[in-house]
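The values are calculated or read from the model by the stated rules, or taken from the named source; none is laboratory data. Note that this is a predicted model, so its numbers are computed, not measured. Cβ placement follows ideal geometry from the backbone for every residue including glycine, while neighbour counts extend to all protein chains displayed. The accessibility values were calculated without ligands, DNA or RNA, using every heavy atom of the protein model including side chains. Shrake-Rupley method; radii C 1.70, N 1.55, O 1.52, S 1.80 Å.
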Amino acid sequence: MAYDFNDTSPIYLQLIQVFCEKLIARQWKAGEKIPPVRELAVEYGVNPNTVQRALTQMEQEGLLYTQRTSGRYITEDEEYIRRVRDNIADDYIGEFINKMLALGLNKEELEEKLTQKWRELHGNH
Amino acid sequence: MGIIDVQNLNKTYANKLVLNNLSLSLGSGQIVGLLGPNGCGKSTLIKILAGVISDYDGNVFIDGQTPGIYTKSIVSYLPEKTYLSKWMRPVDAVAYFSDFYADFDKVKAMDMIQQFRLDPMQPTKNMSKGMQEKLQLSLVMSRRSKVLILDEPLGGVDPATRSAILDMILRNYLEESILIMATHLVQDVERIFNYAILLGYGELILAGETDDIRREYGKSLDEIFREVFACSISL
């Protein structure tokens, strides 16, 4: 029961987000089998049907596929996983820019701050 | 037809209407939350489904049969109040259930008792409320029943015990069965339900897939529950 979901919006959509992040972070690797529904339900403290709903949607979107007898696997299409990563990154960046605009920063100030913070955290890499 | 069908169910106690024209149809493969404040009719509905109360008006079908000998053989029921004798130890309770129910899985029961870290040799009279709930849950969940009904299994237990119980339910619930849990605690519990029934003073207020309800209202079940019953409590 450790995972912090927001109970005011559908849990299955939040699960899709969590699972997509696992794909992108390569915790779930391309072509690998994912854990069974029951195991995921216990791990995230949610109903097995909710997990099923999330996985079915990911399957329809081509991120997962089912082998009739042996379970569910992650797509081998690395290019597709990268596109998903880019989409999620786009969403976060859009949100971030809107917040910065609300604080009154312009593009130059934002770029400068971003570069500065990056150096602080990671040096010149 | 679902595994449970209730049509126009009415029940009165001393001229007071406890269930008012209630209709429900529920299929297998679900964990259903039966939600409502104390005294809303949850326990009455459960007792009718469990075959404990038989004087009611309307139709009730479980696996196509009216509550009776057959339905009792496929319904595993955890009542709100304990039914274990004080002298019983978990090993005695397991032996008792094993004699009484043909569908009882002794190995699963001992396994759950162990996972809950209960002492198989400790008499129930020396157990805390939480430990007793854990023991009873291990017993009722170890029957291979088509219908599992839990009446307030989380009443009076601390948050750590509550989450241990929910975890055990998710681990051990049989996918081909239906589990119905009555509770007035909604927060922290609502994620284990895929379907919710909100009952208020004998009437059906809301029923549906939990994620669809969240999407439609933009609220948690707990928030909806509090809003619906906030005014009625002050009456």
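Values as computed for the structure displayed
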{"read-out": "19 Å tail of the calculated P(r), region B:63-193, as % of Cα pairs", "value": "47 percent"}
{"read-out": "Listing of region B:202-233 residues, each with accessible area lower by at least 30 Å² in the full protein assembly than in the chain alone (probe 1.4 Å)", "value": "B:Asp211, B:Arg214, B:Arg215"}
{"read-out": "Interchain or long-range residues, amide H under 5 Å from B:Leu199's placed H", "value": "B:Leu35, B:Gly36, B:Ile205"}
{"read-out": "Residues of region B:155-185 buried by at least 50 Å² on assembly (accessible area, 1.4 Å probe, chain alone as reference)", "value": "B:Leu170"}
{"read-out": "Hits among aspartates and glutamates - C-alpha to C-alpha of B:Lys146 under 17 Å, sequence gap 8 or more where chains match", "value": "B:Asp5, B:Asp63, B:Asp103, B:Asp105, B:Glu175, B:Glu176"}
{"read-out": "Given charges at beta-carbon only (K, R positive; D, E negative), |dipole| of region A:11-76 in Debye", "value": "120 debye"}
{"read-out": "List B:Arg215, A:Arg72, ordered by accessible area with a 1.4 Å probe, largest first", "value": "B:Arg215, A:Arg72"}
{"read-out": "Dmax and Rg, reported as Rg then Dmax, of chain A (C-alpha, Å)", "value": "18.2, 57"}
{"read-out": "Between 0 and 90°, nearest 10: helix B:90-100 axis offset from chain B longest Cα axis", "value": "70 degrees"}
{"read-out": "Rg and Dmax [Cα atoms of chain B; Å; Rg one decimal, Dmax integer]", "value": "17.6, 50"}
{"read-out": "Principal-axis tilt of helix B:159-172 within chain B, Cα atoms, nearest 10 degrees", "value": "90 degrees"}
{"read-out": "Accessible solvent surface per residue of chain B, calculated while the other protein chains remain in place, 1.4 angstrom probe, Å²", "value": "45 Å²"}
{"read-out": "Nearest-10 value in Å² for the accessible area of B:Glu80, using the 1.4 Å probe", "value": "90 Å²"}
{"read-out": "Peptide A:38-46, shielding by other chains (average Cβ, 10 Å cutoff)", "value": "4"}
{"read-out": "Global form of region A:34-91, assessed from the alpha-carbon gyration tensor, a/c cut-off 1.5", "value": "oblate"}
{"read-out": "Chain B, helix-only ellipticity at 222 nm - DSSP H runs n ≥ 4, -39,500 (n - 2.57), divided by all residues, nearest 500", "value": "-10500 deg cm²/dmol"}
{"read-out": "Where only alpha carbons of region A:79-122 are counted, the Rg and the Dmax (Å)", "value": "12.9, 37"}
{"read-out": "Equivalent ellipsoid semi-axes, region B:100-143, via Cα gyration tensor eigenvalues times 5, rooted, Å", "value": "18, 11, 9"}
{"read-out": "Chain pair A, B: total accessible area buried, heavy atoms, 1.4 Å probe, Å²", "value": "1900 Å²"}
{"read-out": "Per-selection Kirkwood Rh - region B:1-113 (Cα, Å, 1 d.p.)", "value": "16.0 Å"}
{"read-out": "Neighbourhood net charge (11 Å Cβ-Cβ; Lys/Arg +1, Asp/Glu -1) for A:Leu13", "value": "+2"}
{"read-out": "Heavy-atom accessible surface of region A:79-122: percent carbon and sulfur, 1.4 Å", "value": "56 percent"}
{"read-out": "Convex hull volume per residue for the protein assembly as shown, taking Cα atoms only, in Å³", "value": "198 Å³"}
{"read-out": "Value of relative contact order over chain B, rounded to a whole percent, pairs C-alpha under 8 Å and six or more apart", "value": "26 percent"}
